Structures are given as structure tokens and as C-alpha cells.
Amino acid sequence: MRRRPGIGGLQTAAAARDQYRLLGENVAKLRTDLMKEQLATFRSQLEEFARKHKNDIRKNPAFRSQFHEMCAKVGVDPLASNKGFWAELLGIGDFYYELGVQIVEICLSTRPLNGGLIDLQELCKLLRQKRKHDREAVSEDDCLRAISKLKTLGSGFEVISAGKKKLVRSVPTELKKDHNEILELAQAQGYVTVDEVERRLSWTHGRAIDALDTLLDEGLAMIDDGHSDGKRRYWFPCVSSISSFGADS
Amino acid sequence: MQKLGDFKLPHFFNYPPYFTLQPVRETREKQVQLWKDLILDYCRTQKIFVLGLEEEFPLFSNPVIERTLSHEAREAFLSALVSEGRAEWLDKGHRKCRILWHRIQDWADSILKFVKDNGFEDSVMTVEEIRSGIESRGTELHGIDRTILIRALKILEQKGKLAIFKGTSADDEGVKFSV
């Protein structure tokens, strides 16, 4: 548009800016509409996919895990509600609910032995044993999802990392960083000595004893004074496999 | 799973800390419970009636993990059994312990069953015959500790199911049933 001097020119410029703005908004709206449409198409395709592969999703943990990822990308959470399309179609809500209940049962029954902290792999193993007769296989990914659902229910369940292992905590015990480090250290042999803690973590004697005593009090550690070298060992059931305590020299 | 002869040992038996008396109360309670059950189970299947704390008893040590229960630990577990009425100290020094893997009342019931199964309702037998006679073979009564047997018989005597009397030989008693 040709620029004209004077007030008239200014008014024209303002009108032009308004029009550009409107156009811009329209374009943005078009883009959004287009995206919404694409998303809706994708969602319905996902539903179609889920319908077709219902059995695979139910029976195959790896497939199921990838399905979850796909859903997440599209902003669909099959577990968001126990009602509704997804839950009804796949019965997936029930599956994870059931897993959650079984996980709680296992954690409660092993609590006296491990103080409320259990290795994720160990948990999955016990879960599979419990579900021996069920047709649906269970993966670690499934366990983690079920536990995260439990978490949103505010049941005090949490997955923590200690070194290479993932531990499932089912008691309100707060694990401080010091405790976590000891758990990590303990994974090598299932136990630690005070010396080892001092040496490997560069702690004072007091700090080591403090942390170990707390872990002992919380029921997460057990003492062993039976070794021929006379050194007290602190064992951690949560980093061992409860179902088969190994021998140690 | 580790075995002692035919007996399947529980998993905790292979975990070293269980051979040390735990200081934390809750952990100790769990530990004591596990050991109590193991001792009763083992004694029942092996028909062991008396334990000597200073003797070589297979459950007191696990050579595979190189751990042995201290005397204090042995006494703690057995005392727990005594408190529950499942064991008795034979001496003040707590060196020997009689294990009641069956309570005396259970033994009394066993005797009654034995009597009925063999048609001894009106019979006379010696105490020794009850615990080692042909009819006792294959039953729980076979090889039962004599003291326990007499105690069970006395309970039944009080209920009028039998009468105990001194036999012809100096050290054996007889029983007349009236079941």
C-alpha cells in the first residue's frame, strides 16, 4: 500500500496493521485447527490400532510398553481413568489395578524381612511367581507403571535408585543421601563393614556409624558378628534376593 | 535349597545375619520367630526330644556360610520356646532342653487314637510297649520320650481313661486302659 503523508496516512497504516494482525490470527487458528484435526485423526487411528491389537497388548509386555509410549506421545493416558473408552476396550485399568494390589501384598509380606525396601527385580520375580497361573505376562515396566499409579493414590510407594539397582520403598522412611550411598556400596557383596564405608566414601567414623545405626533401626539392615575376621558386617536384605539368600565368605 | 538329610532348610538359614542375635526389637522378634519354627519343625521330623545347648546340633551352625549360633543366641531361641510352652529346661543351668514339638495334650490325643485304632480299649500294656511295641511302629508314639509319654498318660489318667500301676519289673510301669 502506498504510504500517504498526514493523518490519513496514519489511519491507513493502522488499518493495515489491524488487517495483518487478523490475518496472522487466522493463520494461527488455521494451524491449530489443522493440528487438532491431525491429532484427532491420530487418536482415532490409535484407537483402531488398540482394538485390532487388543490381545497383543494384553499378552506381550514389550508390545504393551511401546503402546504406552505411543499413547504418551499423543497425549493419551490409558490408565487415566478406570472408566471410559480405553479402560473398557483394553481392560487395562483393571490389569494395573490388580498388579498394584498384588505389589502391595508382596511388599507388606516381605516388610518384616527387608524393612520395607525391596529390589525391583526381586519384586517382579515374586510377582510373576504369584501370578503363575495368569495368562498375562508382567514386565518391570508394568511394575513401574502400577507403582506410579499407587503413588498417585498417596500410598507411600516410591521407586528409588541406588547405584545400578532400583528399589521399591513401601514405608514412609525417608532415605537420606548418606543412606542411599551405603545401599549402593552394599550391592557388591550384600553387606558393608564400618571400615569399608569410611574408606570408600571418605567419611568420618562418626558419620558412618550414625548412618548405619539409622538403617539398622529402620529395619533395613541386620548385623552379623559371626565372621572369623571379627569385623561386624551390616547386611541389607533389600539388595539381596530374599527368595534365595546367598552364601558369603 | 539346602538340605539336612531329607529336611529342607528355610532360606534364612543361609543368610549370615540370622546367626547373630539382632539388637533391634522388631528385627529380633522376626528372627526369633523364624528360629522357633525351624527348631520345632526339625525336631518333629527327626523325632528329636531333647537338645543339648553345648552339643553339636545340626541347626546350630551352617558350615556353608561359616556361621554358628552363639550360646546366648541358642538360649534366647529356646527360652522363647519355653515361654510359649513348646519346650522345657531340664536343668537350672539351661544346658538341656526338652522340645514339645507336640504339646502334651496332643500326645494324649495320639495315645487315645492309638488305643482306638488297635482295639486296646480294655487292654493292659506296659509303658515300654506303648512306645516301642509292634503296634507303635509307623505311629508317632514310636520312640517317644518316656517322660513325655508318662505325662500324657497322667493327663488321661486324670480323665479316667486309664490307670497307671507299677509293673513286675523294677523300672517299668503298666497301663490299664478304660477308654
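The values are calculated or read from the model by the stated rules, or taken from the named source; none is laboratory data. Just so it is clear, the structure is predicted and the values come from calculations on it, not from any experiment. Every residue, glycine among them, receives a Cβ derived from its backbone with ideal geometry; neighbour counts consider all protein chains shown.
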Provide a single number: the residues in segment A:116-137 that are at pLDDT 85 or above and either in a loop (DSSP other than H, G, I, E, B) or small (Gly, Ala, Ser) (or both).
-> 1
Residue pairs within 6 Å by beta carbon, gap of at least six or interchain, first lying in segment A:108-119 and more than 10 Å from every other protein chain (Cβ to nearest Cβ), second among the small types (Gly, Ala, Ser), listed first then second, are A:116/A:170
Segment A:187-227 - residue that is more than 9 Å from chain B (Cβ to nearest Cβ) and of a type in the set (Asp, Glu) and, of those, surrounded by the most Cβ atoms within 10 Å (Cβ to Cβ) = A:196
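Can you spot a residue in segment A:187-206 that is over 23 Å from residue B:28 (Cβ atoms) and touching a residue at least 40 places away in the same chain (Cβ under 8 Å)? Working first, answer last.
Within segment A:187-206, the subset over 23 Å from residue B:28 (Cβ atoms) is A:187-189, A:195-206.
Narrowing further to those that are touching a residue at least 40 places away in the same chain (Cβ under 8 Å): A:187, A:189.
Yes, there is a match, as at least one residue in segment A:187-206 is over 23 Å from residue B:28 (Cβ atoms) and touching a residue at least 40 places away in the same chain (Cβ under 8 Å).
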Segment A:183-225: number of residues that are of a type in the set (A, V, I, L, M, F, W, C) and under 19 Å from residue B:14 (Cα atoms) = 7
Quick check, is residue B:115 assigned by TED's automatic domain parsing to the domain that holds residue B:172, loosely packed, with under 15 Cβ neighbours inside 10 Å and either in contact with a strand residue (DSSP E or B) (Cβ under 7 Å, 6 or more places away or on another chain) or among the aromatic types (Phe, Trp, Tyr) (or both)?
-> no
May I ask you to list the residues in segment B:109-130 that are assigned to a helix (DSSP H, G or I) and either in contact (Cβ under 8 Å) with a residue 24 or more places away in the chain or within 16 Å of the chain's Cα centre (by Cα) (or both)?
-> B:109, B:110, B:111, B:112, B:114, B:115, B:116, B:127, B:128, B:130
What about residue A:202, is it of a type in the set (Gly, Ala, Ser), out of contact with any helix residue (DSSP H, G or I) (no Cβ under 7 Å at 6 or more places or on another chain) and at pLDDT below 90?
-> no
Among the numbered criteria (1) assigned to a strand (DSSP E or B); (2) under 27 Å from the mean Cα position of the chain (by Cα); (3) within 13 Å of another protein chain (Cβ to nearest Cβ), which single criterion is violated by residue A:160?
-> (3)
